Amino acid sequence: MPAADQIAAADVRALLAAQPEARARDCEALVALMQRVSGHPPRLWGRMVGFGQHHYVYDSGREGDTFEIGFASGAGGKGDLSLYLDVGAFAAESEPLLARLGKHRQGKGCVYLKRLADVDLAVLEALCAAAVRHKRA
């Protein structure tokens, strides 16, 4: 692993280690799932854990870089796991998966979970894979 990847992995581990034990286990499971689906190691983007990189350009000409998929612990204001999957951008594919996911809340682009035990992990993996395909299309 190159030095930059080792530093990024250490930063992610430190962030997750600061979580309560049950939440840290869920975050570790999300890291494994999202890394497997994206093919990229985790990297901190502020307080968010992201995988891959996506360059965007708005119609206005504004552009920037963000991750393909990612998550944050407690970012939803209610202590939820916030999954940044941009589900609204590929609703035709995401809606049937979200209907089978299990207990969650949904925003325009995010999916909010209290804990991973509340959802079907195979469906979550399929949802993450669909999000990655959408970003790469």
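The values are calculated or read from the model by the stated rules, or taken from the named source; none is laboratory data. Here the structure is a predicted model, which is why all the values come from computation and not from measurement. Here Cβ is always computed from backbone atoms with ideal geometry, including for glycine, and neighbour counts include all displayed protein chains.
General observations
Conditions (1) among the aliphatic types (A, V, I, L, M); (2) touching a helix residue (DSSP H, G or I) at 6+ places or on another chain (Cβ under 6 Å); (3) at pLDDT 95 or above, marked per residue:
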site	(1), (2), (3)
Gly74	no, no, no
Gly79	no, no, no
Leu85	yes, yes, yes
Ala91	yes, no, no
Leu98	yes, no, yes
Gly107	no, no, no
Val119	yes, yes, yes
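- Condition check for Arg47: within 13 Å of the chain's Cα centre (by Cα) and either within 22 Å of Arg115 (Cβ to Cβ) or crowded, with 16+ Cβ neighbours inside 10 Å (or both): yes
- Filter pass, Glu68 being touching a Phe, Trp or Tyr at 6+ places or on another chain (Cβ under 9 Å), at pLDDT 95 or above and not hydrophobic (A, V, I, L, M, F, W, C): yes
- Cβ-Cβ under 8 Å pairs, at least 6 apart or on other chains, segment 31-45 side in a helix (DSSP H, G or I), far side of a type in the set (Val, Ile, Thr): Val31/Val12; Val31/Val49; Met34/Val49; Met34/Ile69; Val37/Ile69; Val37/Val132; Ser38/Ile69; Ser38/Val132
- Qualifying residues in segment 15-32 (those that are under 26 Å from Gly64 (Cβ atoms) and at pLDDT 90 or above) - the one surrounded by the fewest Cβ atoms within 10 Å (Cβ to Cβ): Val31
- All positions within segment 33-46 that are closer than 14 Å to Ala129 by Cβ and small (Gly, Ala, Ser): Ser38, Gly39
- Considering each residue of segment 51-66 in turn, none proves to be within 11 Å of the chain's Cα centre (by Cα) and either exposed (fewer than 13 other Cβ atoms within 10 Å of the Cβ) or of a type in the set (D, E, K, R) (or both).
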